[in-house]
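**Q** Got a structure for you, written out below as structure tokens; questions coming shortly.
What follows draws every value from the coordinates through simple rules; no lab data is involved. Being a predicted model, the structure only gives us computed values, none of them experimental. Cβ coordinates were reconstructed from backbone atoms using ideal geometry, including for glycine residues, and neighbour counts include every protein chain displayed.
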Amino acid sequence: MRAIRDRVRLGRQLAGRWAVGPLAVRTLLLLAGLTTLGLAMPSRLLLGRFTVFLVAGAVVVAMAPRGRLVSVLLLIAGFGWMASTILFDDRVVMWRLVGLAMAMYLVHTLAALASVLPYDAVLPPGVVAGWLLRAAVTLVVSAGLGIFAMVEAPLVVGPVYLLASVGGVAVVGALAWVLTRGVRR
Amino acid sequence: MGTAGGGIPPLPVFDTADLADLAEAAGPAWSATKALGRAVLVCCVLLLAAVLTGRYDLVVLAVPFAVGTAISLARRPEEVPVVEVAAIDPRFPEGGQVTAAVCVASSDRVRLDLVVVRLMMARWVRLRFGDRPYAATVARRATAEIPLRGRAVRWGRHALGPTVVHAVASDGLLISDALVAPELWLKVYPVIEPFAADEAMPRAAGLVGFHRSRKPGEGGELAGVRPFGPGDRLRRIDWRVSLRSRQLHVVSTLSDRDAEVALLLDVLHDAGRSGGIDGACSVLDTTVRAAAGIAEHYLQRGDRVSMLGNGVPARRVRAGSGRRQYLTILEWLMEVAPTGADASGAVLNPQLISPNALVIVLTPLLDPRSAQMLAALARSGRFVVAVDTFGAETPARGSGKWAEAANQFWRLERANVIDQLREHGVPVVAWAGSGSLDRVLQDVTRMAAAPKAAGR
């Protein structure tokens, strides 16, 4: 009983220390997580009991952005998108696809910010604004590339499918190597 | 200086442990965060799924991760910033404003997206944002200053820091090792309690000074008019009296003399809970502030003031006068701390104090050794005044059934000790600020002027 009381007191103290800036970042992360799951999951599942799990997942990610749950949420979103378009016959709509890609990246970059930002930090507004501005640049470039890929890809893929697959795997490997090389010393 | 064989000396061979030590000695560096691993993982999994299933839309989902990571890592820093805590002036009185800043200087070509600054601080330093961490950005080849504003609410030396900084770059994909800046020491001078005393001084020492003596001599204080005698200076002739009496008369004056005041601080124990400049005073607070006030008063009058502590080891400021001595005493007072109950040999040697000095002992009389010390000083012929720094509002200890009775017994015993000291010729007065010693000083002066019944 005493341990519970101590935990309650500790929780109150922690709650009293929350600062506005980090709370705003976590709120944005929560909204991005909800948007990601909302766009990724099949529309028929969104109206049922399944919604509670999705909201709970987004809340947990917003509360604990340092763990592996962010990766899990992003992968669930990716496979949820595949499930909705393959198993539930949802149509691949451009706005939904691009919106999902943007929301997934926002989850990733806001989780990166929230994980290094203490919950009680004194945060000037320029820090978050600059962070979101850089994310916006990335999203604009990515949206352009994504739309181009969706429009142009069906024209070149077909007879050369096997070749494209092998080349794609090679590109994946090369990309992973390039990305990880950047941090090796 | 060549080698023994005259050839090229062999190159040192490092194993991996040596290289790790060298890397550690090279200082902090950058390392990848979980976000970088996440970006690579999600991107690769989506691309692999796209290749295996032939779905172009999965490539679209993977593109932001690839593009974002590439753009972020293109802005990869190579050097870690330098951190320092600085203040315009780290010296100020109690309750004064702290104006310091944490400076994070980056010489890198890329901007640091975020620096998180955490600093430890002493209990008596109250910053505007408390002990919260601070976040900021650092532009390329620039210095970010994070202002630290607040108050220092109690005298003493207080540490601001050490400061630990983590720098974040490449949109959270890279984070630096902990950058540590040493603490900045703030010197907080005690606020001087108002104090003023009568001119009476039991035994003046030098030939010049502020205090009038009882001996005639060259001074400014008028003693009377007397007939001219051999050795009198012509400028001392009082022409008005001389014309009236038709005989030369001179104005006689009393000589001006200085005195030495020895302030003895009983720092064996502290009692009460200090609330800083805005709250209640502990015994040590009263002692230090009163000592500063008394020292300032006598130094302003041109006297020599020395200061001693009866702790272990005994600390002392030699007698001196002037502004420099006052600053030395303030610095000395900042280091005052209770010595503890186990300071077994903490009885002051009376030989350390000049025989002519007026000894003002600031003591809470909580320890029998304090009363022994006062008695020893009185026996050695010093003019001793005990100032009781144990305030009436100091809370009683204990909360049990018998606590009140025990406290009453303890107070009775203490009052008994004070009465015994008075019987032995040691006046004990409670500290009450301005003018609290006047009456006692007059008594001591009268006692000093009285003829002695027997030699000491």
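**Q** Over all pairs of distinct alpha carbons, what does the Kirkwood formula give as the hydrodynamic radius of the range B:28-151, in Å?
**A** Every distinct Cα pair counted, the radius reaches 17.9 Å.
**Q** Right, another one. For A:R12 paired with B:Q300, estimate the spin-label separation in nm (one decimal), with each label point 7 Å from Cα along the Cα-to-Cβ line.
**A** Simple spin-label model gives 4.9 nm for this pair.
**Q** Any chance you could list P(r) for the range A:45-145, counting all Cα-Cα pairs in 5 angstrom bins from zero, rounded to whole %?
**A** P(r) for the range A:45-145, in whole percents per bin: 2, 10, 18, 20, 20, 15, 9, 4, 1, 0.
**Q** Another one. Shape of the range B:103-150 from its Cα gyration tensor (a ≥ b ≥ c, root eigenvalues): rounded if a/c is under 1.5, otherwise prolate when a/b > b/c, or oblate?
**A** The shape class here is prolate.
**Q** Expressed in nm², what is the orientationally averaged projection area of the convex hull enclosing the Cα positions of the range B:272-338?
**A** For the range B:272-338, averaging the hull's shadow over all directions gives 4.6 nm².
**Q** Using only Cα atoms, what is the ratio of the radius of gyration of chain A to 2.2 N^0.38 Å?
**A** Normalised Rg, Cα atoms only: 1.25.
**Q** With helices defined as uninterrupted DSSP H runs, which ones in chain A have an alpha carbon span along their own long axis of at least 24 Å and mean Kyte-Doolittle hydropathy of at least 0.0?
**A** Span-like helices here: A:20-40, A:69-86, A:94-116, A:125-156, A:161-181.
**Q** Report Rg (one decimal) and Dmax (nearest whole number) for the range A:80-126, counting Cα atoms only, units Å.
**A** Final numbers for Rg and Dmax: 16.4, 48 Å.
**Q** Over 20 Å apart: what share of the alpha carbon pairs of the range B:82-189 falls there, rounded to a whole percent?
**A** So the pairs more than 20 Å apart make up 38 percent of the total in the range B:82-189.
**Q** If you don't mind, another one. Roughly how large, in nm² to one decimal, is the mean projection of the convex hull of the alpha-carbon atoms in the range B:30-74?
**A** Hull-based average projected area comes out at 3.1 nm².
**Q** Need one value for B:172-182: mean number of C-beta atoms belonging to other chains within 10 Å of its residues' C-beta atoms.
**A** The per-residue average across the peptide is 2.
**Q** Sum -39500 (n - 2.57) across every DSSP H segment of at least 4 residues in chain A, then divide by the residue count to get the 222 nm mean residue ellipticity, nearest 500.
**A** Estimated from H runs of four or more residues: -27000 deg cm²/dmol.
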